[in-house]
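The values are calculated or read from the model by the stated rules, or taken from the named source; none is laboratory data. Keep in mind the model is a prediction, meaning the values are calculated, not measured. Cβ placement follows ideal geometry from the backbone for every residue including glycine, while neighbour counts extend to all protein chains displayed.
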Amino acid sequence: MNSMTSGKWYFYNPTAMSFGQSEFLKVWGKRRLEDNWRRKNKNVVTPEELAENSEGENDSITELKKKQNDNKSREYYLVNLPLNDSLVNLSTQRIIDAYYNAGEIYKNEIEDYGMSAKTFQDLNEKYPGHKFLLYSYYNLYSIGKITEKQDMEQKYKDIIISKYPDSKFAKMFTNPDYLKEFETGQQQAKTLYNETYSYYIKHNYQTVITKCSEAEIKYQESELIPKFKYMKALALGETGKLNDMVDQLNDVVKNFPKSEVKQPASEILALINKNNKNIPSEMLLTKTPQEIEVQTNEDQIYEEEDKSNFYYVVVLKSKGIDANRLKFNLSNFNIDNYPVLDFSITAVLLNNDYQLIIVKSMESKKIALNYYNNILNYKDDIFKDYPDYRHFMITASNYAVFYKDQDVDKYLKYFSKHFN
């Protein structure tokens, strides 16, 4: 008899093997030949296995952390790689910041205008619509002017005027006296506001409405416009024109969200809704425009922005000062306190009397204030040889206005009010 077909041993009996295979499939299904084949979920482990593996895992984590802190290891350079959409976006913003800062360094510090122009042009080509686009165009315009390339100068001047007609750069191009006229207009708006308010406290509400409407037409760019609208709304309420009052208050809340009159306007609207569209008699007495402080001159040319790039600026005298030594001090401060952040430091001549040292750039007001306060902690070391200096934080857009205006005291007043 053939032992392969009729032997008593299980594996020599094809019938028994066939039956056994069928039973196995019924119970276990198809399983690969591997360790822990009985487990469908290989991630489930027994307490004994867990205890056995925990020490090994802890050792692995410790070893990984050690490698991540060792600049000679592969893991050190992999730890900050952007591995999700959020980190990729952050990485892209850092690249954009680096391009823009490099362009400004080439232009303002190294004075390699060819490389500066190429850097800004590469930035605009690779990242169309980036957050520095307007300022990149302005830098390219400046390079064209400095290098006397009239075609380049005119090209970017035309781009700014056509694409950003409401920007301060465009208005400066089309009207060389723009800033001077703007400040004159702000002073006139302030005078009109005080005049209108005097009519309000005398209960001459119809004149208030007329004056506020006049201001909305004549001084459209004034920071006082939301305040005029608010005073007009209250005057409309006092004359019984509830619907017009509500429309005016909604305009303030919707179109001037950063204005200090937004909150009282919102509160009045809430009270009106609560009282079934009636004006509570005590409401207008507690929400008068007398509570609203009129903005000063520095508030009228500078804009408050929380979500912007911020610069740290030091103002020094132009003569007899070693600016390179201060740049070295600030560079050491940055390396010691912000080793991960890529700040650039440039020196720029403001005018015949003053020069600027600029640290760029911080991505938020919170980071900027932290940087400034940290500077204060080390100021004795940083400014040891510079007894006569002034310093402040400023947004990228306000810096362009400051550089044109060149009034350091005016900006310092703005800084002391809005950065605290």
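Is one or more of the residues making up segment 345-359 part of a helix (DSSP H, G or I), out of contact with any strand residue (DSSP E or B) (no Cβ under 7 Å at 6 or more places or on another chain) and surrounded by fewer than 17 Cβ atoms within 10 Å (Cβ to Cβ)? Within segment 345-359, none of the residues are part of a helix (DSSP H, G or I), out of contact with any strand residue (DSSP E or B) (no Cβ under 7 Å at 6 or more places or on another chain) and surrounded by fewer than 17 Cβ atoms within 10 Å (Cβ to Cβ).
Is one or more of the residues making up segment 189-207 of a type in the set (A, V, I, L, M), out of contact with any Cys (no Cβ under 9 Å at 6 or more places or on another chain) and either under 24 Å from GLY240 (Cβ atoms) or in the same structural domain as LYS131 (by TED's automatic domain parsing) (or both)? For segment 189-207, residues of a type in the set (A, V, I, L, M), out of contact with any Cys (no Cβ under 9 Å at 6 or more places or on another chain) and either under 24 Å from GLY240 (Cβ atoms) or in the same structural domain as LYS131 (by TED's automatic domain parsing) (or both): present. Counting just the residues of segment 212-232 that are charged (D, E, K, R) and within 21 Å of PRO264 (Cα to Cα), which one comes out surrounded by the fewest Cβ atoms within 10 Å (Cβ to Cβ)? The selected residue is GLU216. When TYR399, TYR414, TYR403 are screened for being out of contact with any helix residue (DSSP H, G or I) (no Cβ under 8 Å at 6 or more places or on another chain) and surrounded by 17 or more Cβ atoms within 10 Å (Cβ to Cβ), only TYR399 passes. Candidates LEU179, LEU242: the one that is touching a helix residue (DSSP H, G or I) at 6+ places or on another chain (Cβ under 8 Å), over 20 Å from ALA265 (Cα atoms) and surrounded by fewer than 20 Cβ atoms within 10 Å (Cβ to Cβ) is LEU179.
Checking each residue in segment 324-344 for being among the hydroxyl-bearing types (Ser, Thr, Tyr) and not in a strand (DSSP E or B) picks out SER331, TYR338. Taking the numbered list (1) modelled with pLDDT under 90; (2) out of contact with any helix residue (DSSP H, G or I) (no Cβ under 9 Å at 6 or more places or on another chain); (3) over 23 Å from TYR399 (Cα atoms) in turn, ARG94 passes all entries but (3).
Please verify whether LYS180 is closer than 27 Å to LYS126 by Cβ and not in a loop (DSSP other than H, G, I, E, B), treating the condition exactly as stated. When the stated conditions are applied, LYS180 does not pass them.
A quick yes/no check of all residues on (1) of a type outside the set (Lys, Arg); (2) over 32 Å from the mean Cα position of the chain (by Cα):
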position: PRO176; (1), (2): yes, no
position: GLU183; (1), (2): yes, no
position: GLN187; (1), (2): yes, no
position: LEU192; (1), (2): yes, yes
position: CYS212; (1), (2): yes, yes
position: LYS232; (1), (2): no, yes
position: ASP251; (1), (2): yes, no
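Scanning segment 219-258 for residues being farther than 15 Å from VAL208 by Cα and in a helix (DSSP H, G or I) gives a total of 11. For segment 182-210, the set of residues classified as polar (S, T, N, Q) and either touching a helix residue (DSSP H, G or I) at 6+ places or on another chain (Cβ under 6 Å) or within 30 Å of GLY237 (Cβ to Cβ) (or both) consists of GLN186, GLN187, GLN188, THR191, ASN194, THR196, SER198, ASN204, GLN206, THR207, THR210, listed by residue number. Counting the residues of segment 112-130 that are assigned to a helix (DSSP H, G or I), without any contact (Cβ under 8 Å) to a residue 12 or more places away in the chain and under 18 Å from ILE160 (Cβ atoms) gives 1. Would you be able to say whether some residue in segment 196-210 is under 30 Å from GLU305 (Cβ atoms), among the hydrophobic types (A, V, I, L, M, F, W, C) and either out of contact with any His (no Cβ under 9 Å at 6 or more places or on another chain) or modelled with pLDDT of 90 or more (or both)? No, there is no match, as no residue in segment 196-210 is under 30 Å from GLU305 (Cβ atoms), among the hydrophobic types (A, V, I, L, M, F, W, C) and either out of contact with any His (no Cβ under 9 Å at 6 or more places or on another chain) or modelled with pLDDT of 90 or more (or both). Might you check whether a residue that is assigned to a helix (DSSP H, G or I), of a type in the set (Ser, Thr, Tyr) and out of contact with any His (no Cβ under 6 Å at 6 or more places or on another chain) occurs anywhere in segment 404-414? Yes, segment 404-414 contains a residue that is assigned to a helix (DSSP H, G or I), of a type in the set (Ser, Thr, Tyr) and out of contact with any His (no Cβ under 6 Å at 6 or more places or on another chain). Only a single criterion out of (1) buried (at least 19 other Cβ atoms within 10 Å of the Cβ); (2) assigned to a helix (DSSP H, G or I) is not satisfied by ILE394, namely (2).
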